[in-house]
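No lab work stands behind these numbers, since they all come straight from the coordinates. Note that the coordinates shown come from a computational prediction; the quantities given were computed from them, not determined experimentally. Cβ atoms come from the backbone with ideal geometry, glycine included; neighbour counts cover every protein chain shown.
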Amino acid sequence: MQFKFFPAFFKSPPKIKFIEQEPDEQIILFLRQHGITNVPWILLALFAIFLPFIVIQLDISLGTNFLINVPNQALIGGLVIYYMLIIAYIIEQFLFWYFNIYIVTNLHLVDINFHSLLSRDIIELEFRDVESVSTDIRGIFASLFNFGDVIVQTAGTSANIQFLKVPKSQDVVTIINHFSE
C-alpha cells in the first residue's frame, strides 16, 4: 500500500529541497514512515467518529433514556467539541507522519523529527561518521508490507540516527552502506 501522492520511499526526487542542503548535494532517498503505519490511528479515528451513534443506539435499545434528560444545546455543544477534538487528532497524526522525514543524500544523512507545529529536530550525519548500518524488521505487518527500522550507529560523540518504519529498509541499508564506504 503506497500512496502515489504522499510517497514514503522516493528515489532521487527532482523537486525536493531541504533547509540545510548544500549547493552540490543531491537527494538520493526521501523517506517517511510506511503508509500502513497510519492504519491504527485511522481506525481509532473512525471508531471515535461513530461512537456517538453507537451510544445513542445503546441508549435507545436498552431503554435507559439517559440522553433524553440532557438539554439539546448541551448535547449539540458536546458533540461539536467532541468532533473538533477528533479532527484535531486526525490533523496532528497526519502532520506527524507527513513531516517526520528521513533523507539520504550523496554527502550525509538527515533525520527531521516533527514534534509539533512549533518544534522540530534536525539531525545531520556525515557518511564518514557512520560505523554500522542495520535494519530491524519486527512483526507480521512489517514482514508483509516490507518495512522496518534502519539503525545508523556512529563513531564518537555523534548521535545515532534511526529511520523508523521506513519502506524497503533493506534497500535503504544497502544504499547507505554504498555511500559510507
- Task: With a Förster radius of 30 Å, plug the Cβ-Cβ distance of L67 and L43 into 1/(1 + (r/R0)^6) and report the FRET value to the nearest 0.05.
- Result: 0.70
- Item | Karplus (6.51, -1.76, 1.60) ³J(HN,Hα), θ = phi - 60°, over the range 103-110, in Hz, Gly and Pro reported as x | 10, 10, 10, 6, 10, 6, 9, 10
- Item | P(r) of the chain over all Cα-Cα pairs, binned every 5 Å from zero, in whole percent | 1, 7, 13, 15, 15, 12, 8, 6, 6, 5, 4, 3, 2, 1, 0
- Message: Give me the three principal axis extents of the range 109-170 from the C-alpha atoms, as integers in angstrom, largest value leading.
- Response: 34, 33, 13
- Item | Packing-based exposure ordering (other Cβ within 10 Å, fewest first) of F141, F147 | F141, F147
- Message: Only helices at least 27 Å long along their own axis, judged from Cα atoms, and with Kyte-Doolittle mean hydropathy of 0.5 or greater: name those in the chain from DSSP H.
- Response: 39-62, 72-99
- Message: Taking amide H atoms as placed 1.01 Å from N in the peptide plane, list the residues 5 or more away in sequence, or in a different chain, whose amide H sits under 5 Å from that of L107.
- Response: Q26
- Could you put E126, E25 in order, starting from the residue whose Cβ has the fewest other Cβ atoms within 10 Å? E126, E25
- Under the 7 Å Cα-to-Cβ spin-label approximation, R128 and I86 lie apart by a distance in nanometres of 5.5
- Query: Among L85, L31, L164, which comes first, then next, by fewest other beta-carbon atoms within 10 Å?
  - Reply: L85, L164, L31
- Item | Residue among F53, F18, F127 with the largest mean-square fluctuation in a Gaussian network model of the chain, springs linking Cα atoms under 10 Å | F53
- For the range 7-21, in order, what is each residue's ³J(HN,Hα) by Karplus, 6.51 cos²θ - 1.76 cosθ + 1.60 with θ = phi - 60°, in whole Hz (x at glycine and Pro)? x, 9, 9, 10, 8, 6, x, x, 10, 9, 10, 10, 3, 9, 6
- Task: For the chain, calculate the relative contact order in percent as a whole number, restricting contacts to Cα pairs under 8 Å that are 6 or more residues apart.
- Result: 21
- Item | Cut-off under 5 Å, modelled amide H: who pairs with A8 long-range | F3
